[in-house]
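**Student:** Mind having a look at this structure? Questions to follow.
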Amino acid sequence: MIGSAAMKYLARAGVDVMGFSSREPASFADHNGVFASHYDAGRITRTLDPNREWARMAQASVDRYVELERESGIDFYDPAGFVVFGPPGSKYVDRVRDTANELATVSRSARPGDFSGIDFGSNTDIEAQDKDAGVINPRELVRAQLILAEREGAKVRYEEVSRIEQHAGSGVSIETIEGNSFDVQRVLIAAGGFSEPALTGARLRLDVQGRVVFLVEADEDIASAMPALIADDAAGLALSEFYVLPPVLYPDGKRYLKIGTAEYDHPLRSPADKISWFWGEGDVREDIRALQQTIEALVPSIRNSATQQLRCVITYTATGYPYLDWLNDRTALAVGGCGQAAKSSDEIGRLAARLFAGDERRYPAITTN
Ligand SMILES: Cc1cc2nc3c(=O)[nH]c(=O)nc-3n(C[C@H](O)[C@H](O)[C@H](O)COP(=O)(O)OP(=O)(O)OC[C@H]3O[C@@H](n4cnc5c(N)ncnc54)[C@H](O)[C@@H]3O)c2cc1C
């Protein structure tokens, strides 16, 4: 997500740029290489956020969605709206409102009854955003960015990078598992949860966590009325922190409502850990039990519907922002979506490209040494 946007902006700036990425595997279980955090049909987008910086990055990106869709011919954005909610006096909802006031983000207080099909419970504090919010399709956004990058002359190679080596004074050589090698001037590492191997010894403080999301088959009726939801301190449910996407059309032709949470710790340290996580290893019974109970309480009409699980990884940084920085004079990085970079990836990619134009590093990397 970040790399494809950065490549577009670099190519637009007249830079001769080549991008490497692994293709999404048809079967996760048969793939023994790197994966990605955008292999899904839905990601929440919103500019309502307790954090000013993330709200700004999201706003800068959302403001360009329509143009991006028009230029690329790819539709990826559904302005379905967004809601944060919590118990009366919720600190999370208050922080979101404070930031919205500060940034003049348009939102409104809503009542539980305003959203048919969702049981918020009578005593719930709700803040709704009707404009600049809803759902993006991350796969389609990446496709749109790549179309625009290639139109600007960028080259895309679907090869897995196995080695990056800097040569004093003369550039960087890149080798791929396909046995090809390339000599380039400089390199931007935007490899998400699989960035560490490429970081050639720079011991960045990254926390890569395994996540499982719960998909519930849902029909069109629910889809039409439902916004995306986030709670951080909900009461009376199996989870207090979670997010829900309204039903989204998946490649199997069905619509699924999705719920996810960060309440369960699944640290993944090595590339092998991460790969086996995508294969479905690791115990997620507790996660699934709590996700299912929460979504069935919130949207009772979906009880007994068919369900599925999807695996993914989130890359947290020590700062809570993506690391946008130089590791050395030829290697820059744009790593660490912290579970919320999909909606803001166009802006994060733009900021990463600006590093190559000499811009100040806005979000310095934190290393362990
Ligand atoms: C379950 C889940 C739910 C989420 N929900 C939301 C949400 O609602 N809203 C939101 O804004 N964000 C959300 N996110 C976060 C968002 O998806 C990520 O922040 C975003 O995908 C990170 O983008 P990225 O470019 O850093 O990494 P990725 O999108 O993972 O891209 C990294 C790319 O690098 C490639 N790569 C890695 N290593 C190599 C190599 N050695 N050689 C070649 N290519 C390589 C990979 O194939 C991949 O294509 C969610 C994430 C998860 C896991």
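**Student:** Where nothing but the Cβ of Lys and Arg (+1) and of Asp and Glu (-1) is charged, how large is the charge dipole of segment 1-110 around its Cα centre, in debye to the nearest 20?
**Tutor:** Approximately 320 debye in magnitude.
**Student:** Taking segment 39-117, which chymotrypsin sites (Phe, Trp or Tyr not before Pro) meet the DSSP loop condition and have no more than 11 other C-beta atoms within 10 Å?
**Tutor:** The qualifying sites: there are none.
**Student:** Here's a follow-up. Let me check I have the definition right: for segment 2-368, take the eigenvalues of the Cα gyration tensor, multiply each by 5, take square roots. What are those semi-axes in whole Å, largest first?
**Tutor:** 35, 22, 19
**Student:** A further question follows. Expressed in whole Å with the largest first, what are the equivalent ellipsoid semi-axes of segment 1-155 derived from the C-alpha gyration tensor as the square root of 5 times each eigenvalue?
**Tutor:** Equivalent ellipsoid of segment 1-155: 34, 19, 14 Å, largest first.
**Student:** With a cut-off of at most 12 other beta carbons within 10 Å, and DSSP calling the residue loop, which GluC sites (Glu not before Pro) in segment 261-366 qualify? Please list them.
**Tutor:** Those that pass, being in a loop and sparsely packed, are Glu281, Glu360.
**Student:** In Å, what Rg and Dmax follow from the Cα atoms of segment 109-188?
**Tutor:** Considering segment 109-188 through its Cα atoms, Rg and Dmax are 23.7, 66 Å.
**Student:** Over all distinct alpha-carbon pairs, what is the Kirkwood Rh of segment 124-255 in angstrom?
**Tutor:** 19.5
**Student:** Please report, as a whole percent, how much of the solvent-accessible surface of the chain comes from carbon and sulfur atoms (probe radius 1.4 Å).
**Tutor:** That share works out to 46 percent.
**Student:** Tell me, what is the per residue accessible area of the chain in Å², probe radius 1.4 Å?
**Tutor:** I get 45 Å² per residue for the chain.
**Student:** Measure out, as a whole number of angstrom, how far apart the alpha-carbon centroids of segment 125-183 and segment 1-78 sit.
**Tutor:** Rounded to whole Å, the Cα centres lie 8 Å apart.
**Student:** Suppose every K and R has +1 on its Cβ and every D and E has -1 on its Cβ; what is the size of the dipole of the chain about the Cα centre, in Debye to the nearest 20?
**Tutor:** Computed charge dipole of the chain: roughly 560 debye.
**Student:** Using alpha carbon centroids, what distance separates segment 300-326 and segment 229-260, in Å?
**Tutor:** Here the two parts' Cα centres lie 11 Å apart.
**Student:** Now a separate question. Name the residue farthest towards the positive end of the dipole of the chain from the options Ser170, Gly3, Leu327, assuming +1 on Cβ of Lys and Arg, -1 on Cβ of Asp and Glu, about the Cα centre.
**Tutor:** Result: Ser170.
The values are calculated or read from the model by the stated rules, or taken from the named source; none is laboratory data. Quantities reported herein were computed from a predicted structural model and do not represent experimental measurements. Positions of Cβ are backbone-derived with ideal geometry, glycine not excepted, and every protein chain shown enters the neighbour counts. Surface areas here come from the heavy atoms of the whole protein model, side chains and all, with no ligands, DNA or RNA. Shrake-Rupley method; radii C 1.70, N 1.55, O 1.52, S 1.80 Å.
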